[in-house]
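Take a look at the structure set out below.
We did not get these values from a lab; they are worked out from the coordinates using the rules stated. For clarity, every value in this text was computed on a predicted model and none was experimentally measured. Cβ sites come from the backbone with ideal geometry, for glycine too, and all protein chains shown count toward neighbours.
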């Protein structure tokens, strides 16, 4: 039971490269915090700093009311699940889980109780005597989880624990992790680059980019009110449509767009209709491609006007291309001219540099 | 996928492997066969008459307490050389594995001794530890050690072990460093988070994961100590004082070339050949199959 507080945490490497540029995050007791961002954004480094595997060059990290900057990983009362599981290959599953307990001088009887309990929870009981190489990827992942939970630490740290699993198993394990965390009610910090994983797991979502926090909040809040164009295009798949507001017909359509330079519209907020939106946006599109996913259909259209490019962020659409998400399997045909309309209250307005949200 | 090359002529492939086969036959099988034949013969001191004596040379050897002593001595030497060079190399490798400045430089420097030829190693150590000339001898005597490897058999043995182990450290170091670097960093980090202090981490995680490397090097070092220390012994002590540093290989040389007892010397060579075959067998059986943990 502990909260984890990061106060203007910085990491500068000896070469002068600044990996973390001042991060403030407060994770409450028992909360599940997810750090999400593209590769190289510093999320793993930040997690390793919490674990004590990387030094902290500025600011403070506080676990359960104790500043841990100078404390060894072993004494921070944390457990970590690594991306490659990092199981001890020469030890049986039982010994892998017992290792951390024995190192702390726990009596063998207590070790046995704890390991067997964890094995039961994770359905590993029949394979306690096996070596890691005799296990499947999913089983290894569960052993890594087991090694973390037997210790009953204050904080769980997860470093992309599901990225080595296949898609189906990943979804199953995602749910498992969430259920387990709810039951144990242990504060957790989880790093991922998968925005879907981030959305589904998080109590608090921290979106990072370039060593900085772009936005902190609960996942739905972030989805509904992204603070920057980076968050807007990173969270949500397919990404939000971002279009520059220049002296074209868009600006004149939108009511109260003062100070805004970019408009963002989620693909699902468009309706294909002939009606004119009052205060909203209507785009004339030529259908270029169609993706059927079964329950919904993605329509890729190009705007009929020539557009100028806006700053390219990861996951952003190429300029002039618009994605429209419509329910069901029926939609327009390729080459057809359509009108995509979005109401005013579904528009996200940002400043021209994309760093700030304008309006509600 | 066929990886076979197709030759037009049936003779060409044989012609191509012939030089290699010729070398192996002339320089390996021919002398080996000669040794086996010789080991069944008894020659007089002038080589004038030769008698076929069946296994008499072997029987004589096994009855000879000097030969038995040489066997014990060789095993003791091998064990001491292997253990000391392995443990010292492991210590160096563990230290060199740490991310320190200039690590490439001292890693390179640590490999250099391997390029020094065994007799040169011998000469080097002889000079440093010579009772009257040696730089190190002076310090030893200053510390109250009655240092004279030319007269004291145990000290001579220690000297040989020191020189032979020193030479092998570089080789072992290379393999240990590679072995250490192949251990995933996250496993060691996991052990650190699991509350294992550096020493415990080493003995419970790193050492067991290195066991395949250790076993491989143990066999290699024993073979080295058995056969490749000839140059060192010859330049340093010539098997003496007395027979204090005479190993099996050196005994083959002294008995055969210096003592003129070719039959016994040949029999000893054959026994050594058997030892090589056994060691190679062990290596193939366990090392090639990869030691599993």
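Values as computed for the structure displayed
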read-out: Inter-chain shielding of A:52-58 (mean C-beta neighbours from other protein chains, 10 Å cut-off); value: 1
read-out: Percent RCO, i.e. relative contact order, over region B:1-150, from Cα pairs under 8 Å lying at least 6 residues apart; value: 7
read-out: Distance in nm between pseudo-label sites at residue B:146 and residue A:113 (7 Å out along the Cβ direction from Cα); value: 6.5
read-out: Span per principal axis, largest first, for the Cα atoms of region A:4-224 (Å); value: 46, 38, 32
read-out: For chain A, calculated [θ]222 nm from helices alone, where every DSSP H run of n ≥ 4 adds -39500 (n - 2.57); value: -7500 deg cm²/dmol
read-out: Cα-based convex hull volume of the protein assembly as shown per residue, rounded to whole Å³; value: 277
read-out: Centroid-to-centroid separation of region A:186-251 and region B:142-213 [C-alpha atoms, Å]; value: 52
read-out: Estimated 222 nm signal from helices in chain B, with DSSP H stretches of n ≥ 4 weighted -39500 (n - 2.57), rounded to 500; value: -20000 deg cm²/dmol
read-out: Residue B:114-residue B:207 pseudo-label distance in nm [points 7 Å out on the Cα-to-Cβ vector]; value: 2.5
read-out: For peptides B:97-109, B:206-218, sequence by mean Cβ density within 10 Å, most packed first; value: B:206-218, B:97-109
read-out: Rel. contact order, % - alpha carbon contacts under 8 angstrom, at least six apart, region B:46-288; value: 28
read-out: Within the protein assembly as shown, percent of DSSP bridges classed antiparallel, to nearest 5; value: 75
read-out: Partner chain coverage, peptide B:222-228 - average Cβ within 10 angstrom; value: 0
read-out: Share, in percent, of DSSP beta bridges within chain A that are antiparallel, nearest 5; value: 75
read-out: Additional length obtainable on full extension of the chain from residue A:168 to residue A:237, 0.36 nm per residue less Cα span; value: 23.0 nm
read-out: Spin-label proximity, residue A:152 to region A:165-185 - amide N less than 18 Å from point 7 Å beyond Cα toward beta carbon; value: A:180-185
read-out: Simple label model, 7 Å out from Cα along Cβ direction - residue B:32 to residue A:70, nm; value: 6.6
read-out: Region A:4-224: relative contact order in percent, alpha carbon pairs under 8 Å with at least 6 residues between; value: 31
read-out: Measure of compaction for region B:46-288 (Cα Rg per 2.2 N^0.38 Å); value: 1.21
read-out: For residues of A:108-114, the mean tally of beta carbons on other chains within 10 Å; value: 0
read-out: Overall Cα dimensions of region B:151-293, principal axis frame, Å, largest first; value: 66, 36, 18
read-out: Debye-sum result for region B:174-233 in log10 I(q)/I(0), which assumes one identical scatterer on each alpha carbon, at q = 0.14, 0.18 Å⁻¹; value: -0.51, -0.68
read-out: Potential extension, residue B:25-residue B:7 segment - 0.36 nm per residue separation minus Cα distance; value: 4.0 nm
